[in-house]
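Notes to accompany the following structure.
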Amino acid sequence: MIKGYAGKILEVNLSTQAIKDIKIGDNILKDYIGGRGLATKILWDRLGKKWEKIDPLKSENILLFLTGPLTGYYPGGRICVSGKSPQSNGVIGSTVAGEFGVELRCACYDGIIVTGESNKPVYLFIKDSDVDIRDASHIWGKDAKQTMATLGRECRELLRKRYPKFGQLKEPSFLYVGPAGENKVRTAVVAAKWTHAAGYGGYGAVMGSKKLKAIAVKGTGPLPKAANIKEVKRLIKVVNDNIYENVLWRRWGTGSGGYEVGAETSSEPVRNWQDEWHNEKSFGVDQFENRVWIKQSWSDFGCPTCCLKVAMIKTGRFKGAITDNPDYEMQAYLGPNLGLFTPEENVFLSSLADDLGLCGIQTGNVMGFAAELFQRGILTKKDLDGIEPKWGDVEAFAALAKKIAYREGIGDLLAEGTYRAALKIGEKKKTDVLKYAVQSKGISIGAHGIRSGKDYPESISYACSVQGGDHTSTAGLPLDGSGSELSEIFNDSGVHCNFNVFGVPRKVKFDFYKAVTGIELTQKEWYKIKAFRILQIQRALLLLGGPDIKWKPKTHDENPPRFYEPLPSGPYKGKTVDKMQVEEDKRRYYNAVGWDENGIPKTKTLEKLGLEDIDKVLKKSCISKSMLK
Amino acid sequence: MTTKKEPIWIARDLIKCSGCRKCEIACSLYHENRIWPEASRIRVFMPVPGADFPHFCTQCKNYPCVKACPVDALSISKKTGAVLVKTKACIACGKCIEACPGRVPHMHPAKNHIVICDLCNGSPQCVKVCQEGGWNVLTTVHRRARPYELYARTPEQIAKDLAIKMYGEQAEDYI
């Protein structure tokens, strides 16, 4: 057995209530590590041949919660949630911070595979090797804070009974869905600690479709034994010492972005990306700091950065709203993107998204989309059930968010996410509204625009990513660059926070992998073979897609139309993305990743990686034929 | 800071705790040579998100845990004032847990004995990492004849206080 792994994965079939432990072969772990990589492999093995027919929101989908060997060792613990995505119809490695992954490994599990679906609401409670499927009727419909309070009390009591002589155990860790997940909203998150979320991918909807309200885990054991603990200790210190130099993120998290990304780099979504520049000093980090932050540093397991803050509104009409930071993405999407420029409104909407279990990025995106259609007269007050989402009307957006979470009226349509909603609205209104949908392959574009050229994403970052609009996993060259998708696959498979690799020599995470597992992994091996292979499987499954939507690279390896409109104001006024440049960059990228001119992984590429079976399925698939046209 | 000769106490400013748990990591690495949160002598509780805090021995003036031990497995370090556990003598009866006003001692998750903070023989690892990170939740000070037992409170009591301090009366719903 490879060091650093617990050596088993818990598999729960919610249809039959069968619970078992499964083992993953060493060779698979060596190649796919854990998290995103292993998820991709498991999904291909189990669902690959029937992928196009698998409905992500039906019982045939499988839901994965996977750690990696570095979880708990590399500073900044996370867990990776995956499955067939109800947003992209491919595989997304969606990670969420917290102690859940560490607790799970201390309970001697590397991950959880959930199959089937329950006929009534349930939650899982893992206490070391004891696993119960428990009734969750009493928490079904409850928001994040109610769910955590009720489950917290219940599970602490159960733990006292399970370990009567231990003394006080720490509380277990939880992952859960809010009402949005229960209602299979495609922008629903798998959440933790009130405010943390695995958002991209829409796995909250998958959890809800299985009637799995939550998972609680308490592990009393140590992390699985590392190969060289002395070296691990040294490396933890190296990461910490480097991160402690990162004053910006330690002091402000990403919370300075709400003003700066708009004012300085012109790459922040403003009114559904009709602009990317604003100079609203009311949204400055000083305002957040002085008015709403009640805790300067909040963190997850082992993290030296502590980018989170706790924010609360103590007076006025938003009194009682609590959220973290908000971080830059929440600031942008539940702020300027909706024409809102005060910390109080932003905290209020962010807190509401947390409570309802909605992805703030993607729900902010779809609400901005609806507001632009309202601005243009395409959606009327009547279409919107009497709501008038004017830019800056926080109450209207709060009402819309609730409609989405409960799939009521117009909310049922918007709950499909921006792309699917655009298709339906376009059909109903007999007009093209896709040009206002700022997304890539069903996934909303993260709050970092590309028109000014002053932010980090490149012309094809979103267009060619196997995770669509995900701003944390962007495509780019060189493939072994620190910002490339292959680098991100390491963090997501490790599984640890990608913020704690910034400013740390790249070698360190590879040394870390060796110190924990005892296996040498060269950067060449990672970038040329292992990560490259994971990328190809993700690409293949994304292209197989279905059943409701299939992506054609010719059409969909593309930026949202909005990015070809010139920026209307600010220091980069007139700047836009050059279509010829995108085509050229795409050609270079396809070439580098071994895809043909139609964006399909070449037989030669897949064979070299031992993926002949994938090649066969991909080439046989109708999409390949139609895509050649 | 403290000089080496005198006994120390770990002063705690709980509201500043970021919940990074580096204290747990350092403690369990030092005592167990593993990362082992539930075996750590200092453990970070977070029953209410955002209100994280470390929970560990305060070295009460009258040491009720030591008095409660039926087999003399607990003693007081002359050098540091810490409670020391004779692991071979301990019968894991849990009497010290009941005697502690803060329910601080807890069983070793894998072995048949209690664990209690031993102040790392005078240079506590938890304080070191907390200071390195700049959180300064934990600080070593000289031990004086003071009622340190005031700090020996249960996780439930501390969580409630901190949560209400942060979130006001609505925190009652979260506990």
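Peptides A:413-419, A:512-518 ranked from most to least packed by the mean count of surrounding Cβ atoms within 10 Å: A:413-419, A:512-518. A Förster distance of 51 Å, applied to the separation of the beta-carbon atoms of A:Lys230 and A:Glu388, puts the FRET efficiency at 0.20.
Across region A:440-571, Cα-Cα distances exceeding 16 Å account for 67% of all pairs.
So what's Rg/Rh here for region B:21-115, counting alpha carbon atoms and using the Kirkwood radius for Rh?
0.96
Only helices enter the 222 nm calculation for chain B: every DSSP H run of n ≥ 4 contributes -39,500 (n - 2.57), and dividing by all residues gives -6500 deg cm²/dmol, rounded to 500. One decimal place: the segment A:Lys3-A:Glu565 gains 197.1 nm when fully extended, by the rule 0.36 nm per residue minus the C-alpha distance.
Of all lysines in the structure, those lying under 28 Å Cα to Cα from A:Lys579, and not within fewer than 8 positions of it along the same chain, are A:Lys424, A:Lys430, A:Lys435, A:Lys441, A:Lys454, A:Lys550, A:Lys552, A:Lys554, A:Lys602, A:Lys625, A:Lys629. Only DSSP H runs of four or more residues enter the estimate; each adds -39500 (n - 2.57), and after division by the residues of chain A the mean residue ellipticity at 222 nm equals -11000 deg cm²/dmol. Placing +1 on each Lys and Arg Cβ and -1 on each Asp and Glu Cβ, with no other charges, gives region B:8-168 a dipole about its Cα centre of roughly 400 debye. Note on A:Trp44, B:Trp36: ascending count of other Cβ atoms within 10 Å places them as A:Trp44, B:Trp36, the fewest first. Other protein chain C-beta atoms within 10 Å of residue C-beta, averaged over A:220-227: 5. Dividing the radius of gyration of the alpha carbons in region A:231-292 by their Kirkwood radius gives 1.20 for Rg/Rh.
Of the residues A:Ile410, A:Leu340, A:Trp249, the one whose Cα sits farthest toward the positive end of the charge dipole of region A:246-444, with +1 on the Cβ of Lys and Arg and -1 on the Cβ of Asp and Glu, is A:Ile410.
When A:Arg153, A:Arg46, A:Arg36 are sorted by how many other C-beta atoms sit within 10 angstrom of their C-beta, beginning with the fewest, the order is A:Arg153, A:Arg46, A:Arg36. Its alpha carbons give the protein assembly as shown an Rg and a Dmax of 26.1, 85 Å.
Which of B:Met46, A:Met207 comes first, and how do the rest follow, when ranked by fewest Cβ neighbours within 10 Å? If you can, show how the numbers build up before the last one.
On the way: B:Met46 21, A:Met207 30.
Arranged by neighbour count, lowest to highest, B:Met46, A:Met207 become B:Met46, A:Met207.
Think of the protein assembly as shown as a dipole: +1 on every Lys or Arg Cβ, -1 on every Asp or Glu Cβ, centred on the Cα centre; then among B:Ser123, A:Phe397, A:Pro568, B:Ser123 lies furthest on the positive end. Within straight-line reach of B:Lys88, meaning a Cα separation under 17 Å, sit the following lysines at least 8 residues removed in sequence or on another chain: B:Lys111. Computed from the alpha carbon positions, the gyration tensor of region A:495-629 leads to an equivalent ellipsoid with semi-axes of 30, 27, 13 Å, biggest first. The value obtained for chain B, namely the Cα convex hull volume divided by the number of residues, is 116 Å³ per residue.
Send over the semi-axes of region A:322-423's equivalent ellipsoid, whole angstrom and largest first, taken as the square roots of 5 times the C-alpha gyration tensor eigenvalues. Computed over region A:322-423, the values are 20, 14, 12 Å.
For B:Thr139 and B:Asn62 in one chain, what is 0.36 nm times their gap in residues minus the Cα-Cα distance, to one decimal in nm?
25.5 nm
How much FRET efficiency would the formula 1/(1 + (r/R0)^6) give for A:Glu525 and A:Gln581, where r is the Cβ-Cβ distance and R0 is 30 Å, rounded to 0.05? Taking R0 as 30 Å, the efficiency between A:Glu525 and A:Gln581 is 0.40. Once the Cβ-Cβ distance of B:Ile15 and A:Asn591 is raised to the sixth power relative to R0 = 51 Å, the FRET efficiency obtained is 0.35. Thinking of region A:540-580 as a set of Cα atoms, what percent of all their pairs are more than 15 Å apart? When every Cα pair of region A:540-580 is considered, 55 percent fall beyond 15 Å.
Normalised by the empirical 2.2 N^0.38 Å for globular proteins, what value does the Cα Rg of region A:500-545 take?
For region A:500-545, the normalised Cα radius of gyration is 1.44.
How high is the relative contact order of chain A, given as a whole-number percent (alpha carbon pairs under 8 Å, six or more residues apart)? Contact order relative to length: 16 percent.
Step through the table entries A:Lys142/A:Lys314; A:Lys211/A:Lys403; A:Lys23/A:Lys161; A:Lys507/A:Lys616; A:Lys49/A:Lys530; A:Lys58/A:Lys403, compare each Cα-Cα distance with 27 Å, and write down the pairs that go over it.
In this structure, A:Lys23/A:Lys161; A:Lys507/A:Lys616 exceed 27 Å between Cα atoms.
For region A:507-580, the calculated P(r) over all alpha carbon pairs, in 10 Å bins from 0 to the bin holding the longest distance, is 15, 23, 20, 27, 14, 1 percent.
Our summary of shape: the Cα atoms of region A:415-458 have principal axis extents of 38, 19, 12 Å, ordered from largest down, in whole angstrom. For a straight C-alpha distance cut-off of 26 angstrom, the lysines reachable from B:Lys5 (same-chain residues fewer than eight places away being disregarded) are B:Lys61, B:Lys78, B:Lys79, B:Lys86, B:Lys128.
In whole angstrom, region A:1-118 maps to an equivalent ellipsoid with semi-axes of 23, 15, 14, each derived as √(5λ) from the alpha carbon gyration tensor and ordered largest first. Each residue, A:Asn290 and A:Arg376, gets one label point 7 Å from its Cα in the Cβ direction; the gap between the two is 4.0 nm. Against the empirical curve 2.2 N^0.38 Å, the C-alpha radius of gyration of region A:246-444 lands at a ratio of 1.01.
Each value in this text was obtained by applying a stated rule to the coordinates, not by laboratory testing. Note that the structure is predicted; figures quoted are calculated from it, not measured. Note that we place each Cβ from the backbone using ideal geometry, even for glycine, and neighbour counts take in every protein chain shown.
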